[in-house]
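Here is the structure we will look at, set down as C-alpha cells.
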Amino acid sequence: MIDGQVRLKQELIRFQSIIALLLMVVAMSFLSDNFLTTANGWNILRQISVNLCLSIGMTLVILTGGIDLSVGAVLAISGAFAAGLLKNGIAFSEADLLIQFSVSGAILAGLLMGLFLGWFNGLMITRFRIPPFVATLGMFSIARGLTMLWTKGFPITGLGETFAIIGTGNYLGIPMPVWISAALVTVFVVVTRKTRFGRYVYALGGSERASLLSGLNVDRIKVAVYTICGGLSAVGGLLVTSRLDSAQPNAGLGYELDSIAAVVIGGTSLSGGRGSILGTLLGCLIIGVLNNGLILLDVSPFWQQVVKGLVILTAVAIDKMSKKLQ
Amino acid sequence: MDVLAASVAGIEQVRVRLDLEKASMSGIVRLTGILSFGAFMMLTVGCQNQTEQTGQGKVAVVVSTLNNPWFVVLGETAKNRSEANGYAATIFDSQNDTAKEASHFENVIAGGYRAILFNPTDADGSILNAKKAQDAGIPVFCMDREINSTEVTTAQILSDNYSGCVTLGQHFVKVLEEKGRYVEILGLVGDNNTWNRSEGFHSVVDRYPDLKMVAQQSGEFDRAKAMEVMDSLLQSTPDIDAVFCGNDAMAMGAYQALVSAGKEEEVRVFGFDGAADVIISIAEGKIEATMMQFPKRMAEIAADWADRYLNGERDFPSKMPVAVELVTARNVDEYVPYGKEGD
C-alpha cells in the first residue's frame with residue numbers, strides 16, 4: 001500500500017519533467033526553424049551523453065543520501081590516464097622497460113582508474129566515517145592534482161582513429177556516445193527497479209538506521225555505489241577524450257554541478273530514497289535542450305547562465321509544491 | 001673538468017624536474033591533510049627539502065593559472081630562466097583567483113623572496129597585491145597581462161591582445177575578400193582579454209558591411225565547450241564562411257565540430273595564441289591563421305630584468321609591449337609551438 005503510494009508519487013514527478021520537457025521542445029520549435037530536425041536531435045543526444053554517464057552515477061549516490069563532488073575530476077584523470085597510456089605507454093627507465101598499450105588496454109585502464117578512485121571515495125566514507133561531501137571534495141582536489149601531474153599541464157592529443165570511434169563513430173546511423181549512454185540508462189533502470197541491490201539503494205536513502213537494523217550491509221552498498229559512480233565518470237572521460245581526440249588537463253571543470261542539476265531537475269530528492277534513473281534522463285534532456293536552444297536562438301552568453309539557473313529553481317519549486325498538494 | 005660540469009648539469013636537471021612536480025602537487029598536499037595527517041606530513045617534508053637556497057637568493061613566479069598549457073609554458077620558462085641566472089625559483093599557481101594570489105604574495109613577502117615575476121589574475125584586483133610587494137621592497141615584473149597601475153610595478157612586459165586582433169582582423173578581411181557570414185566564439189565572458197581580443201577584431205571587421213556576424217557565443221576558452229557550441233551553431237546557421245575564436249583551444253574544438261559536420265573544407269577557422277596543435281594544423285592546412293604570442297620571450301625578458309634589477313640597474317621602461325605575430329600557411333615553418341624557430 002505504502003509502496004504503491006510512493007510509486008504513484010514517483011510516476012507523477014516523472015510526468016512533471018516530461019511536461020516541462022515537452023513545453024520546452026514545443027516552444028523552441030516555434031522560436032527556431034532549426035531546432036526540430038533529425039540532425040539537431042542527434043546533436044542534443046550526443047551532447048548530453050557525457051553528462052548522462054555522470055548523472056546516472058550521481059543518481060545512485062544521491063539515492064543513498066550521499067553526494068559525489070569528484071565526478072568531473074575523476075572524468076579528467078580517467079580520460080587523461082587512458083590517453084597517456086595509449087600515446088606514450090609507461091616507461092620504467094631503471095629497468096629499461098617501456099610498456100605499450102593497445103586501444104582496449106588503455107580504455108580498460110581508464111575505467112579501472114575511475115572505479116578505483118570511486119572505491120577510494122566509498123572507503124573514506126564508510127571506514128573513516130567522513131561525510132560524503134568532504135570525502136569527495138578531497139577526491140576532487142586529488143584527482144585534479146593527479147591530472148596535472150600526469151599531463152604536466154599539456155593536452156595529450158593525436159590518439160588515433162580506433163580510439164576516436166567511441167566518441168565520433170556511428171553504428172546504424174546513431175552516434176556511438178548515444179548507444180553507450182542509452183545502454184547505461186537501460187542497465188541502470190533495470191538495476192534500480194528489478195534487483196535486490198537497487199531496492200537496497202532506495203532503502204538506504206529512505207532510512208539508513210532502519211536499513212542497518214534490518215540487517216543490510218550498509219557499508220558494502222555504499223562502497224559499491226561510489227565505485228559505480230567512479231566507473232561511470234571514467235566512461236564519460238573516455239567519451240570526452242575520444243570526441244576531442246585530446247585529453248585536456250582541465251576537462252570536466254564544473255561537470256559535477258551540471259550532473260547534480262540534472263538529477264535534481266529529474267525529481268530525485270537530495271535527501272535520498274526518492275527518485276529514478278529515467279527522471280535523471282529527463283533532467284539531462286531538459287538541460288541539453290536548454291543549452292542547445294539558447295545557442296540556436298543566439299541568446300547572449302550573459303543571459304544563458306541566468307536562464308539555466310531559473311529553470312533549475314522552477315523545476316525544484318514545482319516539485320516541492322506538487323508534493324505539498326498531495 | 002668536463003665530467004664535473006656534466007654531472008652538475010645533471011643534478012640541475014633533476015632539481016628542475018622535482019620542482020615542477022612540486023608546483024603541481026601543492027593542490028594535492030592541501031587536501032590529503034584532511035584524509036590522513038601522516039601522509040600530509042610525509043608529502044610536506046618531501047616538498048620542503050627542495051627549497052634550499054642558492055647563492056643569489058629566491059625568485060617567485062606567480063602565475064594566474066596552470067590549467068592552460070600556455071600559462072604553464074610562461075611559468076616554467078620564467079622559472080628555468082631565473083635558475084639559469086643563478087636564483088632558486090618557485091612557481092605559485094593562483095588558480096584564476098585574486099584572493100589566492102593575495103595569499104601567495106603574503107607568503108612570498110614573508111618567505112624572503114627577492115623578486116616577483118608576475119602574471120596577474122585581474123588588471124584591477126591585482127593592484128593591491130603588487131603594492132604589498134612594492135611596500136616590502138620587492139620588485140614586481142608583470143608578464144603577458146597588465147595591471148592598471150604602473151606605479152606599483154617595476155616593469156610590465158605585455159602581449160598586446162587588442163592590436164594583435166586588429167592584425168588578425170585585417171587578415172580575416174583579406175582571406176574572405178571583404179564579404180561573407182561568420183560566427184565568433186568568445187572566451188570567458190568575465191575575462192578582460194576576451195573583450196580586448198573581440199574589440200580589436202571588430203574594430204577592423206565591422207567596417208565591412210558585407211561581412212556579417214551571424215552568431216556570437218562563448219566557448220569559455222575550452223576545447224570541449226567550443227565544439228559543443230559550434231555543433232549547435234552549425235544547426236542554426238549552416239552556411240557560414242568563417243569562425244573567429246578567442247583562443248587556439250577553441251579553434252581546435254570548432255574545427256572538430258566542422259569535421260563531424262563535413263564542413264571543414266568550406267569554413268575557415270581563425271584562432272589566437274600560437275598553441276602547439278594549431279601551429280601543426282596550420283601547417284597541414286586545417287586552420288587558416290592564428291596570432292603567435294610569445295610566452296617564452298616575455299618570461300625570459302622578465303627573468304633577465306629581475307636579475308639586472310637585483311644587480312643594481314633601475315632603468316626599465318614601465319611598459320614594454322611584445323609584438324604578437326600573424327601565423328598563416330605562408331610563414332608557419334618559421335614558428336614552433338609558443339614561439340619562433342631558434343627562440
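Restricting attention to segment B:286-343, which GluC sites (Glu not before Pro) occupy a DSSP loop and are surrounded by at most 10 other Cβ atoms within 10 Å?
Qualifying residues, ordered by number: B:313, B:341.
Mind checking how much accessible area A and B bury in total, 1.4 Å probe, in Å² rounded to 100?
Interface between A and B: roughly 3300 Å².
Out of A:317, A:148, B:123, whose Cα points farthest toward the positive end of the dipole of the protein assembly as shown (charges: +1 Lys, Arg; -1 Asp, Glu; placed on Cβ)?
Comparing the listed Cα positions along the dipole, A:317 ranks first.
Enumerate by residue number the trypsin sites (Lys or Arg not before Pro) in segment B:234-343 meeting two conditions: DSSP loop (anything except H, G, I, E, B), and at most 11 other Cβ atoms within 10 Å of the site's Cβ.
Sparse-neighbourhood loop trypsin sites (Lys or Arg not before Pro): B:314, B:330.
For peptide A:135-146, compute the average count of partner chain beta-carbon atoms within 10 Å of each residue's beta-carbon.
The shielding value for this peptide is 4.
Ignoring ligands, DNA and RNA, what percent of the accessible area of segment B:169-275 is carbon or sulfur (1.4 Å)?
44 percent
Compute the relative contact order of chain A as a whole-number percentage, counting only Cα pairs closer than 8 Å that sit 6 or more residues apart in sequence.
Averaging sequence separation for qualifying contacts and normalising by length gives 34 percent for chain A.
Which positions within segment B:258-278 get 30 Å² or more of their accessible surface covered by the other protein chains, compared to the chain by itself, with a 1.4 angstrom probe?
By number: B:277.
Per residue, how much accessible surface does segment A:19-318 expose to a 1.4 Å probe? Answer in Å², no decimals.
42 Å²
Considering only the other residues whose Cβ falls under 11 Å of the Cβ of residue B:158, what net charge follows from Lys and Arg at +1 and Asp and Glu at -1?
-1
Using the Karplus equation 6.51 cos²θ - 1.76 cosθ + 1.60 (θ = phi - 60°), what ³J(HN,Hα) coupling, rounded to whole Hz, does each residue of segment A:80-90 give in order, writing x for Gly and Pro?
5, 4, 4, 4, x, 5, 5, 6, 10, x, 10
Using label points projected 7 Å from each Cα along Cα→Cβ, tell me how many nm separate residue A:318 and residue A:108, to one decimal.
Taking the simple label geometry, residue A:318 and residue A:108 are separated by 4.6 nm.
Does segment B:104-247 classify as rounded, prolate or oblate by the C-alpha gyration tensor (a ≥ b ≥ c root eigenvalues; a/c under 1.5 gives rounded; else a/b over b/c gives prolate, otherwise oblate)?
prolate
Net charge around residue A:208, counting only other residues with Cβ within less than 14 Å of its Cβ (Lys, Arg = +1; Asp, Glu = -1)?
Net of charged neighbours comes to +3.
Shape call for segment A:135-186 from the C-alpha gyration tensor, a ≥ b ≥ c root eigenvalues: rounded (a/c under 1.5), prolate (a/b greater than b/c) or oblate?
Cα axes put segment A:135-186 in the oblate bin.
Regarding the protein assembly as shown, what is the average projected area of its C-alpha convex hull, in nm²?
Numbers: hull surface 131.5 nm².
About 32.9 nm², averaged over all directions.
Among the residues of segment B:204-251, which ones have their accessible area go down by 50 Å² or more when all the protein chains sit together, as opposed to their chain alone (1.4 Å probe)?
B:217, B:223, B:227, B:228, B:231, B:232, B:235, B:236
How large is the charge dipole for the protein assembly as shown, taken about the Cα centre, if only the Cβ atoms of Lys, Arg (+1) and Asp, Glu (-1) carry charge, to the nearest 20 debye?
For this selection, approximately 3100 debye.
With 26 Å as the limit, write out which pairs from A:152/B:263; B:212/B:319; A:308/B:225; A:87/B:100; A:194/B:225 have Cα-Cα distances beyond it, or answer none.
Beyond 26 Å between Cα atoms: A:152/B:263; B:212/B:319; A:87/B:100; A:194/B:225.
Taking 10 Å² as the minimum loss, tell me which residues in segment B:66-88 lose that much accessible area going from the chain by itself to the full protein complex (1.4 Å probe).
Checking the loss per residue gives B:66, B:67, B:69, B:72, B:73, B:76.
Calculate for chain A the 222 nm mean residue ellipticity that helices alone would give, adding -39,500 (n - 2.57) per DSSP H run of length 4 or more and normalising by residue count, nearest 500 deg cm²/dmol. Numbers along the way, then the final one.
Details: 13 runs with 246 residues, N = 326.
Counting only the DSSP helices, I get -26000 deg cm²/dmol.
Based only on Cα atoms, what mean projected area does the convex hull of segment A:19-318 have, in nm²?
Mean shadow area of the hull around the Cα atoms is 17.2 nm².
Just the number, please: carbon plus sulfur as a percent of the accessible area of segment A:19-318, 1.4 Å probe, no ligands or DNA/RNA counted.
In segment A:19-318, the share of accessible area belonging to carbon and sulfur is 69 percent.
From the Cα gyration tensor of segment A:121-210, with a ≥ b ≥ c the square roots of its eigenvalues, which class applies: rounded if a/c is under 1.5, or else prolate if a/b is larger than b/c, or else oblate?
Values: a/c = 4.55, a/b = 1.23, b/c = 3.70.
Cα axes put segment A:121-210 in the oblate bin.
Taking the dipole about the Cα centre of the protein assembly as shown, with the C-beta of Lys and Arg at +1 and of Asp and Glu at -1, give me whichever of B:233, A:291, A:123 is farthest to the positive side.
A:123
The values are calculated or read from the model by the stated rules, or taken from the named source; none is laboratory data. Computed from a prediction, not measured in an experiment: that's the story for all the values here. When we count neighbours, we look across all protein chains shown, and the Cβ atoms used for this are built from the backbone with ideal geometry, even at glycine. Each accessible area value is taken on the protein alone, full model and side chains, heavy atoms only, with ligands, DNA and RNA left out. Shrake-Rupley method; radii C 1.70, N 1.55, O 1.52, S 1.80 Å.
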